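The values are calculated or read from the model by the stated rules, or taken from the named source; none is laboratory data. Keep in mind that what you see is a predicted model, and the values were worked out from it rather than measured. Here the Cβ is made from the backbone with ideal geometry for all residues, glycine too, and neighbour counts use every protein chain on show. Note: accessible area is taken over every heavy atom of the protein model, side chains too, but ligands, DNA and RNA are not part of it. Shrake-Rupley method; radii C 1.70, N 1.55, O 1.52, S 1.80 Å.
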Amino acid sequence: SFVVNGSVGDVTSPQIVNFSSMRYITLVSNIEGAGVLSGEGEYCTGDTVTIYASANDGYVFRNWTLDDVVVSYDTYYGFYASEDATYMANFEYLQQEELNSGWNWYSTYITVEGEDGLEMMKEGLGEDAVQIKNHSAFANYELGIWYGGLKEMSNEEMYMIKMSSPNTLEMTGTYDDPSSHPITLGTNWKWIGYPVNAAMSVD
């Protein structure tokens, strides 16, 4: 505290005054509207900073990055303010589908091309799965083992999933752009995927 015309210390015993420079911490999200971020602001150099990310419905938090380097996988992250910095909260899209006992129609707007997508689906179905099939191949689950000719999945296809009991299937990842998946229709029946995360009219 300073007093007008006052003095602190003297020539033989001076008072040392320490000044701290200010550091500004900026928070951004990789997906606009994916979550709520807190902790952004101005801090004195050396202050403890705690930043926090909370995912909104339809998203899941993955990590914090600084200059494209992962610094934490926790929603809360604490550090000392040493420089101006911009931390990015990285989210992924979360698709949750309630599956009933018996047969269920299923398609996804999460990017799942290839074997990795099918493996994520199998893991999400867990012990309640019986069979996954598209119009030309299938994969059966029995005694902890998957077998069959279905080796990968696509956003352009619809699937039928048979469950022994109800379960919630969760798929996470990037949002697949529907415009990148034109679907060519030929003769006979087609199981068409629906890579969109919103309701649309049949028209």
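Maximal additional length on extending the Glu170-Val71 stretch stands at 33.1 nm, based on 0.36 nm per residue less the C-alpha distance. Summing Cβ point charges (Lys, Arg +1; Asp, Glu -1) relative to the Cα centre of the stretch 47-87 gives a dipole of roughly 200 debye. Between amide H atoms placed 1.01 Å from N, distances below 5 Å from Gly193 occur with Glu157, Met158, all of them 5 or more places distant or on a separate chain.
About its Cα centre, the stretch 86-138 has a charge dipole of approximately 160 debye under the convention of +1 per Lys or Arg Cβ and -1 per Asp or Glu Cβ, with nothing else charged. Modelled label positions at Glu142 and Thr184, each set 7 Å beyond Cα in the direction of Cβ, lie 3.6 nm from each other. Under 5 Å between amide hydrogens, built in the peptide plane, is the criterion, and for Phe138 it picks out Gly149, Leu150 among residues at least 5 positions away or on other chains. With all protein chains kept in place, the per residue accessible area of the stretch 121-203 amounts to 63 square angstrom at a probe of 1.4 angstrom. Backbone phi angles across the stretch 95-108, fed through the Karplus curve with coefficients 6.51, -1.76 and 1.60 (θ = phi - 60°), yield HN-Hα couplings of 10, 10, 10, 7, 9, 8, 5, x, 8, 9, 7, 8, 8, 9 Hz in residue order; Gly and Pro are listed as x.
With a 1.4 Å probe and all protein chains left in place, how much of the accessible area of the chain comes from carbon and sulfur atoms, in whole percent? Within the chain, the accessible surface is 50 percent carbon and sulfur.
Size descriptors for the chain (Cα atoms only): Rg and Dmax, in that order, 26.6, 99 Å.
3J(HN,Hα) couplings calculated from phi for the stretch 75-81 with the Karplus curve 6.51 cos²θ - 1.76 cosθ + 1.60 (θ = phi - 60°) are, in sequence order, 5, 8, 9, x, 7, 9, 6 Hz; Gly and Pro show x. Loop-resident chymotrypsin sites (Phe, Trp or Tyr not before Pro) (DSSP state other than H, G, I, E or B) in the stretch 63-121 with no more than 13 further Cβ atoms inside 10 Å of their Cβ: Tyr73. Using 15 Å as the cut-off for backbone N distance, which residues of the stretch 35-57 belong to the label zone defined by a point 7 Å from the Cα of Ser82 along Cα→Cβ? Within reach of a label on Ser82: 45-49. Helix 115-125 axis versus longest C-alpha principal axis of the chain: approximately 90°, rounded to the nearest ten. Each Lys or Arg adds one and each Asp or Glu subtracts one; over the other residues with Cβ under 15 Å from the Cβ of Lys151, this totals -4.
Between the amide H of Thr86 and those of Thr26, distances stay under 5 Å, these residues lying 5 or more places away or on another chain, with hydrogens modeled in the peptide plane.
In debye, nearest 20: dipole of the chain around its Cα centre with unit charges on the Cβ of K, R (+) and D, E (-)? It comes to approximately 280 debye. Computed over protein heavy atoms with a 1.4 Å probe, the accessible surface of the stretch 1-67 works out to 71 Å² per residue.
For the stretch 44-78, list residues with backbone N below 17 Å from a point placed 7 Å from the Cα of Phe19 toward its Cβ? It comes to 44-46, nothing else.
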